[in-house]
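Enquirer: Provided herewith is a single structure, encoded as structure tokens, for subsequent inquiry.
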Amino acid sequence: MFKKEQCDLCGDCLVKCQWIDAEKEQAVEWMTEMMDGNHTPVVDQCITCYACNEICPTHANPFDLIAGLQEKYQRVAQDVIDMTESKLTFTGELRDIPQADRIMNICLFGKTDGHLIQGELYDLPQIGGKPYFCWILFSHMGAESIQQKHAQEFVDRLAATGAKEIVCFHDDCYAMLAGLTPEYGIDVPFKVIHLSEYLVEYLTANKDRLTPLNLKAAYQRPCASRHTPEKEHFIDELFDLCGVTRVERTFDRENAKCCAAVKLLLNAGDPKPDVAENVLDAKAAGAEAIVCLCPMCIHSLENAATEKNLPLIFLGDLARMALGEIQPPALP
Ligand code: SF4
Ligand code: SF4
Ligand code: SF4
């Protein structure tokens with residue numbers, strides 16, 4: 001929720017936005033207009049990367065203001081939103097819900113990226129598919145209210161497993177449970193564990209089996225991480241455990257660059273130049289590979305990274321490599 005009373009109109013949110021060109025004066029003017037509910041170029045140019053919510057020094061959540069206006073001014077046509085919502089809504093009856101103290105939610109990735117959910121790390125009870133979809137996608141489509149509308153049901157279905165701990169395979173799932181539910185006033189009756197925290201715990205318990213990968217890698221920090229920056233230290237710990245150096249690059253941490261796949265959702269132009277810039281930044285920083293937390297980022301960066309001979313490694317696969325379960329990429 002946008003906290004108007006916390007905004008001191010510093011303009012940083014739009015000045016520092018990587019996707020909008022605004023000097024301070026312009027930024028302040030646009031923010032003032034938007035606070036009055038008016039349309040500005042920001043409504044169309046914002047690619048919904050959530051960065052400004054993390055950047056805002058007073059935690060006023062400027063993206064939430066923009067998101068509300070994207071919905072009001074129908075940034076994405078209503079019929080497209082309705083169709084997507086109905087496609088992702090589960091209407092059946094839930095059967096055979098696993099009951100366990102700790103369960104992993106693999107969201108929709110069982111079908112699309114099953115190869116990333118293999119091996120001993122994933123040898124725990126799992127749930128997935130449409131009933132366990134977190135709906136974060138909709139704030140990428142200018143329809144934040146749909147995300148909020150389904151949030152309680154999402155939490156209830158997870159709670160129905162009786163699990164004391166839910167491990168989130170996807171960063172978006174964690175963002176919803178750990179970052180957004182408090183905003184929505186929803187209680188989460190289980191502990192939420194991010195994939196990186198789970199991997200750190202697993203590798204720490206198996207430390208004697210680890211082989212350092214001696215790899216220099218860039219990290220592709222996904223947009224959803226903007227909602228929960230407090231868990232970032234687990235990424236660093238995981239890199240350390242795997243013997244991987246996280247290269248210092250322009251587009252990392254608070255200055256991370258969205259993989260730009262959302263531009264396609266929003267019909268906001270060609271993502272290719274942005275992807276190329278991102279990959280080039282990794283290469284220039286001396287990276288031998290790019291590690292991604294979000295499977296969608298892998299799909300988005302794939303072609304440009306291949307062109308630059310930069311293997312893309314899913315975060316979970318990094319752990320599997322250190323465990324000796326799969327081979328590290330052959331470097332040129
Ligand atoms: S929302 Fe935050 S960053 Fe943006 S103008 Fe207000 S205080 Fe500054
Ligand atoms: S969400 Fe991202 S693209 Fe949109 S205004 Fe904020 S920083 Fe810019
Ligand atoms: S897949 Fe790309 S667009 Fe989607 S949340 Fe991740 S970084 Fe952002």
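The values are calculated or read from the model by the stated rules, or taken from the named source; none is laboratory data. Not measured: the values here are computed from a predicted model. No Cβ is skipped: glycine too gets one built from the backbone with ideal geometry, and neighbour counts run over all protein chains shown. The accessibility values were calculated without ligands, DNA or RNA, using every heavy atom of the protein model including side chains. Shrake-Rupley method; radii C 1.70, N 1.55, O 1.52, S 1.80 Å.
Enquirer: Please determine whether any residue of the stretch 47-62 is open to solvent by 30 Å² or more (accessible area, probe 1.4 Å), free of Cβ contacts under 8 Å to residues at least 40 places away in the same chain and either farther than 17 Å from residue 30 by Cα or under 22 Å from the mean Cα position of the chain (by Cα) (or both).
Expert: Within the stretch 47-62 (the criterion being open to solvent by 30 Å² or more (accessible area, probe 1.4 Å), free of Cβ contacts under 8 Å to residues at least 40 places away in the same chain and either farther than 17 Å from residue 30 by Cα or under 22 Å from the mean Cα position of the chain (by Cα) (or both)), the answer is no, since none of the residues qualifies.
Enquirer: Would you call residue 153 closer than 20 Å to residue 316 by Cα, of a type in the set (D, E, K, R) and open to solvent by 20 Å² or more (accessible area, probe 1.4 Å)?
Expert: Taking the combined requirement at face value, the residue does not satisfy it.
Enquirer: Looking at (1) aromatic (Phe, Trp, Tyr); (2) farther than 30 Å from residue 86 by Cα; (3) open to solvent by 20 Å² or more (accessible area, probe 1.4 Å); (4) more than 17 Å from the chain's Cα centre (by Cα), find the lone condition where residue 251 falls short.
Expert: Unmet for residue 251, out of (1) aromatic (Phe, Trp, Tyr); (2) farther than 30 Å from residue 86 by Cα; (3) open to solvent by 20 Å² or more (accessible area, probe 1.4 Å); (4) more than 17 Å from the chain's Cα centre (by Cα): (4).
Enquirer: I've got another one for you. Taking the condition of being at negative phi and in a loop (DSSP other than H, G, I, E, B), how many residues in the stretch 43-58 meet it?
Expert: Adding up the residues that qualify gives 6.
Enquirer: What's the total number of residues in the stretch 277-297 that are of a type in the set (Asp, Glu) and under 15 Å from residue 256 (Cα atoms)?
Expert: In the first step, residues of the stretch 277-297 are kept if they are of a type in the set (Asp, Glu); the result is 277, 281, 288.
Still in the running and under 15 Å from residue 256 (Cα atoms): 277, 281.
Adding up the residues that qualify gives 2.
Enquirer: What number goes with the only condition from (1) of a type in the set (A, V, I, L, M); (2) at pLDDT below 95; (3) open to solvent by 10 Å² or more (accessible area, probe 1.4 Å) that residue 266 does not pass?
Expert: (3)
Enquirer: Also, I was wondering about something else. Residues in the stretch 33-42: is at least one touching a Leu at 6+ places or on another chain (Cβ under 9 Å), within 12 Å of ligand 2 (Cβ to nearest atom) and not in a helix (DSSP H, G or I)?
Expert: yes
Enquirer: I'm trying to understand the selection: among the residues of the stretch 64-94, which are assigned to a helix (DSSP H, G or I), without any contact (Cβ under 8 Å) to a residue 60 or more places away in the chain and either under 20 Å from residue 19 (Cα atoms) or within 11 Å of ligand 1 (Cβ to nearest atom) (or both)?
Expert: Selection gives 66, 69.
Enquirer: Across the stretch 71-96, which residue is modelled with the highest pLDDT among those that are open to solvent by 50 Å² or more (accessible area, probe 1.4 Å) and under 30 Å from residue 199 (Cβ atoms)?
Expert: Once the filter is applied, the top-ranked residue is 90.
Enquirer: Another question about this same structure. Taking the residues in the stretch 4-26 that are open to solvent by 60 Å² or more (accessible area, probe 1.4 Å) and under 23 Å from residue 144 (Cα atoms) as candidates, determine which candidate is farthest from ligand 1 (Cβ to nearest atom).
Expert: 18
Enquirer: What residue, of 139, 145, is open to solvent by 30 Å² or more (accessible area, probe 1.4 Å), more than 16 Å from ligand 1 (Cβ to nearest atom) and of a type in the set (Ser, Thr, Tyr)?
Expert: When all the criteria are applied, what remains is 145.
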